[in-house]
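Contents: one structure, followed by commentary.
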Amino acid sequence: MRKQIGSWIVEISKENKLGEGGMGEVYLATHSKLETPAAIKFLPSALANDSNFSKRFTEEAKTQARLKHPNIALIMDCVEENEQLFLVIEYLEGGTIADIIDKAKSPIEQTKALKWIKQVLSALNYAHQKGVIHRDIKSTNIMLDQHGNAKVLDFGIALEMNDIRLTKTGVSVGTPHYMSPEQIRRPKDIDHRTDVYSTAIVLYELLTGKVPFDGDSDFDVKFAQVQEPPPSLRNINPFIAQELEEIIIKGLAKDPSQRYSGCGEFLQVVENYQKVELVKSIKSSPVAIASSDLQKIMDKIDLSTDFGKFEHNYQVTEINKQPLVQQSIKLEPQPIKPNSIVKLNLPLASNNVNSQNEDLSLPNDVKWEFVHIKAGEFNMGSNNIEDEKPLHRVKISKEYELGKYVVTQKQWIAVMNRNTSHFVGSTLPVEQVSWENAQEFISKLNIMSNKYLYSLPTEAEWEYAARAGTEGNDISNLDEIAWYKTNSENKTHEVGSKKVNAWGLYDMQGNVYEWCKDNYHVSYYRTRPSLDIDPEGPASGTYRVRRGGCWLYESAYCSLSHRSHNWPNEQVWYVGFRLLRRPKQG
């Protein structure tokens, strides 16, 4: 149904509907003369005659119209026709934060998440200074514009700090998954710190892909908001630094007095955290940086800030502005210097690559290519990162064959008759497969094969082959060998499309993380002997190891010693696997 509302033309149809909520339905509209797009919001017909809802709708228009901030959606017009109110809002084509999280099906990259949350905090701090509390901050009330900037909308239940008429009954308003404890228990007594709490939940959701409190009913969710501590973010997303987790947990304090004093302080703490992390990355970078480039980086940091007074007692020593130097040294038996790039005297992998299907009952066009890896020794881990310590000697006593490529979707479908991948393509790596899914795939291969026993590589077997006779964490030529955040265009790529490593293996760094056989433990390396022979990881553990970095993350995660982990049943769009095989005995 085509309808003109004031100067705006709107098609009332399912296809043209942008969204809906408790305070109205939203449709895409076009100005009749200027042909500019906008979003038109109006009360559903069932609520149009309800004086309370009409009043709240009018209050939203008045409140949001007087808030002029680059991160608050602009109110363009308010129209009344046939005793029905219509609110015209700027059209934001980037979708809601909730849409983005749902589409990703995994945590949002941290830089983006913090950018958006800082913009939200800036908008809310401004609103609070104008005497307005939002009271319904959630991922569906934050949208992105065409430039990827976040904007807060839907001030339908906003509270004027000097006017409590709309909450004098004591009825709590808001969305249970994002409501602060005081918003549930004492709705008449809330202040601006309720927005601090809700924003912390959105940040939690961005970085983990899920809200901290959930349940089968609104009562269950509200009970959890009031009584239960938030689950650890790092148990869901191990890439989150402890300092960042602490920042979010403080925002989720049950007692408002234990949170940040307001969104302005919350914003400052997040910005300070990012500055400290930038300084750390510069000081610890293994890549040579020219003094002129380093100076440009340093100029972007406000060094006048007293880092020692940051929240969570961040400490930063004087920054050395001399260029960082990457050393290249010849490996001696002891000691081994961290971050050095050296050549080891290790046996070269055989050039024998087997591309036959063996006795597997699979279509002829489904090829399996393996590289023969001879036995040998190498130095595993590093002395830089907690779960990589210490650098230690490992012996691989048995030769093996390792997949030349990670398992592709074509291979996966041939065995499993289904495709779980987010990015679809026969020559793309299969992803969104859990460790348990990989084991199911391997079990099927072992039933088919009379000649080979297939498995995931152990962590040691993976790192030995990935290093291919080198030691250190050289990521200076990463663009040539790996798909990672800087060059991936936010997607996986055809296997083998980057440069091969010295032993004939592709994509050992980047594209997708690769499951390893081992259980994960942060201090496993510390328990090992001085010469560790064929280590297979801890005997038990909650998580499984994944290695190699991926298209979604920065270069540091592609270092050859980098370790990460997930739950064995977890499926994410940046994790796949590579096969190892040895001849069956007897």
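The values are calculated or read from the model by the stated rules, or taken from the named source; none is laboratory data. Note that this is a predicted model, so its numbers are computed, not measured. Glycine also receives a Cβ, built like all others from the backbone with ideal geometry; neighbour counts cover every protein chain displayed.
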For this session: Report, by residue number, each residue of segment 447-458 that is touching a strand residue (DSSP E or B) at 6+ places or on another chain (Cβ under 9 Å), surrounded by 15 or more Cβ atoms within 10 Å (Cβ to Cβ) and of a type outside the set (Ser, Thr, Tyr).
Result: Leu456, Pro457
Problem set entry | Complete set of residues in segment 521-547 that are basic (Lys, Arg) and either crowded, with 21+ Cβ neighbours inside 10 Å or in contact with a strand residue (DSSP E or B) (Cβ under 7 Å, 6 or more places away or on another chain) (or both) | Arg528, Arg544, Arg546, Arg547
Exercise. List pairs: first in segment 183-195 and exposed (fewer than 15 other Cβ atoms within 10 Å of the Cβ), second assigned to a helix (DSSP H, G or I) and of a type in the set (Asp, Glu), Cβ under 7 Å, 6+ apart or cross-chain?
Worked result: Asp189/Glu182
Exercise. (1) touching an Asp or Glu at 6+ places or on another chain (Cβ under 7 Å); (2) within 18 Å of Lys584 (Cα to Cα); (3) basic (Lys, Arg): which one isn't true of Lys444, the others all being true?
Worked result: (1)
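To keep it simple, each residue is scored yes or no on (1) part of a strand (DSSP E or B); (2) farther than 20 Å from Val512 by Cα; (3) over 27 Å from the mean Cα position of the chain (by Cα).
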residue: Val424; (1), (2), (3): no, no, no
residue: Val433; (1), (2), (3): no, no, no
residue: Ile442; (1), (2), (3): no, no, yes
residue: Asn446; (1), (2), (3): no, yes, yes
residue: Leu453; (1), (2), (3): yes, yes, yes
Problem set entry | Filtered residues of segment 71-102 (kept if touching a residue at least 40 places away in the same chain (Cβ under 8 Å) and part of a strand (DSSP E or B)) | Ile72, Asp77, Val79, Glu81, Gln84, Leu85, Phe86, Leu87, Val88, Ile89, Glu90, Thr96
Problem set entry | Filter result (within 24 Å of His422 (Cβ to Cβ), surrounded by 20 or more Cβ atoms within 10 Å (Cβ to Cβ) and over 21 Å from the mean Cα position of the chain (by Cα)) within segment 482-504 | Val495, Lys498
Problem set entry | Which listed residue, of Glu83, Glu35, Glu25, Glu60, is modelled with pLDDT under 75 and either aromatic (Phe, Trp, Tyr) or closer than 28 Å to Lys115 by Cα (or both) | Glu60
Exercise. Has segment 521-540 got any residue that is under 17 Å from the mean Cα position of the chain (by Cα) and in contact (Cβ under 8 Å) with a residue 60 or more places away in the chain?
Worked result: no
Problem set entry | Restricting segment 377-396 to residues that are more than 17 Å from Arg547 (Cβ to Cβ) and in contact with a strand residue (DSSP E or B) (Cβ under 6 Å, 6 or more places away or on another chain), the residue that is surrounded by the fewest Cβ atoms within 10 Å (Cβ to Cβ) | Lys395
Problem set entry | Condition met for Glu463 (in a loop (DSSP other than H, G, I, E, B) and either of a type in the set (Asp, Glu) or under 20 Å from Pro568 (Cα atoms) (or both)) | no
Problem set entry | Residue pairs meeting the criteria (Cβ under 8 Å; at least 6 apart or on separate chains; first in the same structural domain as Ser561 (by TED's automatic domain parsing) and on the phi < 0 side of the Ramachandran plot, in segment 376-390; second among the acidic types (Asp, Glu) and at pLDDT 90 or above) | Phe378/Glu463; Met380/Glu463; Met380/Asp532; Ser382/Glu388
Exercise. Got a sec? Which of Asp479, Asp518, Asp507 is crowded, with 24+ Cβ neighbours inside 10 Å and either without any contact (Cβ under 8 Å) to a residue 12 or more places away in the chain or at positive phi (or both)?
Worked result: Asp507
For this session: Give the residue, chosen from Glu436, Glu431, Glu401, that is assigned by TED's automatic domain parsing to the domain that holds Asn490, of a type in the set (Asp, Glu), on the phi < 0 side of the Ramachandran plot and surrounded by fewer than 20 Cβ atoms within 10 Å (Cβ to Cβ).
Result: Glu436
Problem set entry | Failed condition for Leu121, given (1) buried (at least 24 other Cβ atoms within 10 Å of the Cβ); (2) closer than 18 Å to Pro70 by Cα; (3) modelled with pLDDT under 95 | (3)
Exercise. For segment 554-563, does any single residue satisfy the condition of being hydrophobic (A, V, I, L, M, F, W, C), under 16 Å from Pro429 (Cβ atoms) and not in a loop (DSSP other than H, G, I, E, B)?
Worked result: yes
